[in-house]
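Working notes for the structure below.
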Amino acid sequence: MKLLITLLIVGIASFSCEKEKIHSLPQDTLFVSTSDTANHVENMTEKAIDCNTCHTCEKPTAADPCLVDCPREKTWNVSAGSHLPGEGPEIVIIDQLEKLYQPVIFQHRFHSSMATMGVGCSACHHYSPEGKIPPCRDCHANETTATNLRQPSLKGAYHRQCLNCHREWSHDTDCDVCHLPLDPNSPRPATIDRTDIIGVDHPTIHIPEKQVFKTPEEKETVVTFHHQEHVELYKYRCVDCHWDENCSQCHDTLGKIKSFGDKLEAHHSPCTTCHNTVSEKTCGFCHQKQESKGFTHELTGWPMNRFHKKLTCASCHPQNQPLQRLNKTCTACHTNWYTGNFSHVVTGLTLSESHVELECTECHLEDNFAQPPQCETCHDGDVSYPDDLPGEKE
Amino acid sequence: MQRRDFFKFMGASGALLSGASVLGAEHQSKIDPDNVVGVLTDFTECIGCRECEWACKNAHEMATPPLESYKDKSVFANYRRPDETGFTVVNRFHEKGCTQTDLDVKVQCMHCNDPACVSACIVAALEKQDFGPVTYDAWKCIGCRYCMVACPFEIPAYEYNNALTPIVQKCDMCISRLDVGKIPACVEICPRNALTFGKRSDLIKVAREKIADNPGKYVNHIYGETELGGTSWLFISCEPFDTLNFPKLEQASVVTLPESIQHGIFKYFIPPAMFYGLLGMIMKLTKPDSETADNTNSSSEVHHD
């Protein structure tokens, strides 16, 4: 018995040594072959997920987990927002084929930060339950099963994920791009270079101020797209428009660029989320005779004061709806301002003690704050704004 | 018989023959297409690694360079066909609109539900197995190569370089592997599961789902579902198949018409009986004239006597 335990300890020690040997790996490295069932029950209890949701038997074991067929729709929920790219492991070691090749070192965080340019984590983690993201092997068996022919095997799943981008990017689909030979004399991957771009967010992309497109329309040929304005003023994230792009759009080593195609829908697709490109009445919004000037709020007939300038469009204009003209009355938005909670100081005029407790409407008649305040409500015409002020101006 | 009568006779025979083909028109496939196995190839997943070519040769104990050498992409310069040295090949189509990369297309024997090669083989060296594969028995083969002429996909290849014991060669869906519960070698090695092995009816369902779930990704066509009465090997693609050197084919198998005529002619022996009956009728109808002439002659003879 003693011998057995000793052997076991030596075995575990040598196993972990073997893994240590590969590199000086960063702290948050994940080995896909290492089982993480130890904390599984705890994790699931924490998330209040009942065992029966995934398991069919009472006492599932690692050898026989008796799982219900994948995808387990009821519990699976792609929650792209709940896992930030930085929260994932930095490196994932894919070491199922240890006997054939050196383990694949997958630079997870590097790829996840790239994914933020596209659809996010769910580009690869297409089924993600609440809480911990399951490893691919939880669903993808070693071989395609007759009961679920659509689900690729583990090998197929890995290669589909990796090669979808890599074949478009480098056009190099040879095995040794990822799988280095076991032969000790062959070059081994260098120790991870922390000065490299791994784990760093995508470098800042230069956003053009505007782009001017010439269209084949008969009269209104020019479409001006104020790119910077859409990012900085309207606060759109890159992915809001560039949702259908992938790494190879910019990083194709052969320098090919994907064209949008000739179809009208394809040209309009990045704009349709917000602009009506279907109705012919609204064409003139973008298609004009000459380059259009950028947006200023003055154009709408309502120049913004220094307070409003700080706000995003969505603070006033309802989100996920076409922008609409709003009610100009101050109280339409500022519904909860009244004497006592509004500090008049911010307007640059500190009210005197005699004025500070008056109702707003006693000076600003009919809630019209755009008009000069009236003093006649209390005063007999001997005082008037702005010659006489109800306080001190800054 | 006069010229005019001859044409009448030929017309009648033609009508009879077409009648025969009508008799045999209910040409039935010998297999149940729902109970055969097959392979679904998804061209959008293929990356042209050509490991399937290696695995195929390896499984059939054919001469092959090591797997490493299949990295060489220069072979894509020429369009290739399966031949006696390799039962499957991957061809690369450049500049296809549907993909940012090249489109790689694997071809091999389609294992038709109603194979023309089997129909053409006069010694039954080629045989359609109940569960799908079209197999070849070199011991029965006499080397007539009718199969090569019959195949609409130009698959069977002949060992022209083998002077003494040439045989026809083609994909056998790895039947020796299927017999021991393994899947075809090309399917097994495919790193991206571009090939899926399964029951043909299930594969059609999978293909339909894939097309429906990815609008715009695929052309709405499962090649092999209906072509020539259906094939065991099925394909889905993002480009129309005729641009990928796949022949545009009828829904009915090429064997339908010849087999209908051939089998129809001898069905219950009715058409031959009718044909000979017709001949008899013609004989009978034309006989009285000659008899009368004979009688006249003989009577005149008697008269002379």
Picked from region B:97-118 (must be open to solvent by 20 Å² or more (accessible area, probe 1.4 Å) and out of contact with any strand residue (DSSP E or B) (no Cβ under 9 Å at 6 or more places or on another chain)), the residue farthest from the other protein chains (Cβ to nearest Cβ) is B:Cys98
When restricted to A:Leu154, A:Leu163, A:Leu149, the only residue out of contact with any Gly (no Cβ under 8 Å at 6 or more places or on another chain) and at the interface with chain B (Cβ under 9 Å from one of its Cβ atoms) is A:Leu163
Scanning region A:346-394 residue by residue, those touching a residue at least 12 places away in the same chain (Cβ under 8 Å), within 23 Å of A:His334 (Cβ to Cβ) and not in a loop (DSSP other than H, G, I, E, B) turn out to be A:Val346, A:Leu349, A:Thr350, A:Leu351, A:Cys360, A:Glu362, A:Cys363, A:Leu365, A:Asp367, A:Gly391, A:Lys393
Of the conditions (1) open to solvent by less than 80 Å² (accessible area, probe 1.4 Å); (2) part of a loop (DSSP other than H, G, I, E, B); (3) within 30 Å of A:Cys271 (Cβ to Cβ), the single one that A:Gln324 does not satisfy is (1)
Requiring at least 3 residues that are within 16 Å of B:Glu45 (Cα to Cα), the helices (runs of 4 or more DSSP H) wholly within region B:163-227 are B:185-189, B:200-213
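Here is a yes/no grid of residues against (1) assigned to a loop (DSSP other than H, G, I, E, B); (2) under 16 Å from A:Cys175 (Cα atoms); (3) open to solvent by 20 Å² or more (accessible area, probe 1.4 Å); (4) at pLDDT below 95:
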| residue | (1), (2), (3), (4) |
| --- | --- |
| B:Thr41 | no, no, no, no |
| B:Gly48 | yes, yes, no, yes |
| B:Trp54 | no, yes, yes, no |
| B:Lys57 | no, no, yes, no |
| B:Thr64 | yes, no, yes, yes |
| B:Ser74 | no, no, yes, yes |
| B:Arg81 | yes, no, yes, yes |
| B:Glu95 | yes, no, yes, yes |
Just one listed residue, out of A:Thr116, A:Thr145, is at pLDDT below 80 and surrounded by fewer than 17 Cβ atoms within 10 Å (Cβ to Cβ), and it is A:Thr145
Exercise for the section: With the condition kept exactly as written, say whether any residue in region B:190-202 is in contact with a Pro (Cβ under 7 Å, 6 or more places away or on another chain) and within 11 Å of chain A (Cβ to nearest Cβ). Expected result: yes
*asked:* Yes or no: region B:170-187 includes at least one residue that is open to solvent by less than 20 Å² (accessible area, probe 1.4 Å), of a type in the set (D, E, K, R) and within 12 Å of chain A (Cβ to nearest Cβ).
replied: no
Can you find even one residue in region B:237-244 that is outside any loop (DSSP other than H, G, I, E, B) and within 14 Å of chain A (Cβ to nearest Cβ)? no
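The values are calculated or read from the model by the stated rules, or taken from the named source; none is laboratory data. Keep in mind that what you see is a predicted model, and the values were worked out from it rather than measured. Positions of Cβ are backbone-derived with ideal geometry, glycine not excepted, and every protein chain shown enters the neighbour counts. Just so you know, the surface numbers come from the protein's heavy atoms only, side chains and all, with ligands and any DNA or RNA stripped out. Shrake-Rupley method; radii C 1.70, N 1.55, O 1.52, S 1.80 Å.
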